[in-house]
Amino acid sequence: MDPLVRELQIEADYGQIYIYDPATQLPAHDATEDDDPLQRALEDGNESRRFVGYAGGLIDVLTPSQFNWKAPMRIEVSHAPPESDVESWDHVVELPLPVPSGRLVFQASGGAAPIETEIPTGSYRARFSGRGYVAGAGEIEGHETYRLQLWPSEQTEPLLVRYWAGYDVMRPDA
């Protein structure tokens, strides 16, 4: 079977993009503020210095710009890990991503309308790649391009594959 490819335009706002399956984000009746996956993923991205955090089935991409209303996002779903081309990207991180309902959502921080696509259900390893990053104070509108490669995998730990040094300038204390 050929890999599944989707081409979307997603939005980033407040310097973040959330990626998740809505079925993994159902509120628990006994959840506390400490259980909030948005906050935990943000903290994970900053504290790990991967700048792509993970918590409870939710990926939080910390973008180098404040907003990008038309960010190209290519989604590639395959049956095996794709060949690496990290040298073509500014920043690359691998993370787990459960997709139990087959709905994959991309949502800008701040309550923007979700942008959805359908992919086969499963437990995936996700390789998030970004390029077109620009470092510097006051970078408001971004022109980044993103790719999300997915392949079947058991839950594994997040891994920083390629680090964009511009984060050292933009978020030295993160």
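Assorted remarks:
- Surface share of carbon and sulfur [accessible, 1.4 angstrom probe, percent] for the chain: 50
- Label positions at Leu8 and Arg131, each projected 7 Å from the Cα along the C-beta direction, are separated by 2.1 nm.
- For the range 1-110, the dipole from Cβ point charges (+1 on Lys and Arg, -1 on Asp and Glu) about the Cα centre works out to 300 debye, to the nearest 20.
- Computed over the chain, relative contact order equals 28 percent, with contacts defined as Cα pairs under 8 Å that lie 6+ residues apart.
- The residue list Leu97, Ile115, Phe67 was ranked by how far each Cα lies along the charge dipole of the range 51-174 toward its positive end, using unit charges on Cβ atoms, and Ile115 comes out on top.
- Where GluC sites (Glu not before Pro) fall in DSSP loop in the range 110-174, at most 12 other Cβ within 10 Å: Glu154
- Rounded to the nearest 20 debye, the dipole magnitude of the range 65-151 is 220 debye, with +1 charges on Lys and Arg beta carbons, -1 on Asp and Glu beta carbons, and the Cα centre as origin.
- Using the 1.4 Å probe convention, the accessible area of the chain works out to 49 Å² per residue with neighbouring protein chains retained.
- Global form of the chain, assessed from the alpha-carbon gyration tensor, a/c cut-off 1.5: rounded
- Think of it as helices only: each DSSP H run of n ≥ 4 in the chain is worth -39500 (n - 2.57), and spread over all residues that comes to -2500 deg cm²/dmol at 222 nm.
- Here the gap between Ser48 and Glu141, fully extended at 0.36 nm per residue and compared with their Cα-Cα distance, gives a gain of 31.0 nm.
The values are calculated or read from the model by the stated rules, or taken from the named source; none is laboratory data. Worth saying up front: this structure is predicted, and the values here are computed from it rather than measured. In this analysis, Cβ positions are derived from the backbone assuming ideal geometry, glycine residues included, and neighbour counts consider all displayed protein chains. Surface areas here come from the heavy atoms of the whole protein model, side chains and all, with no ligands, DNA or RNA. Shrake-Rupley method; radii C 1.70, N 1.55, O 1.52, S 1.80 Å.
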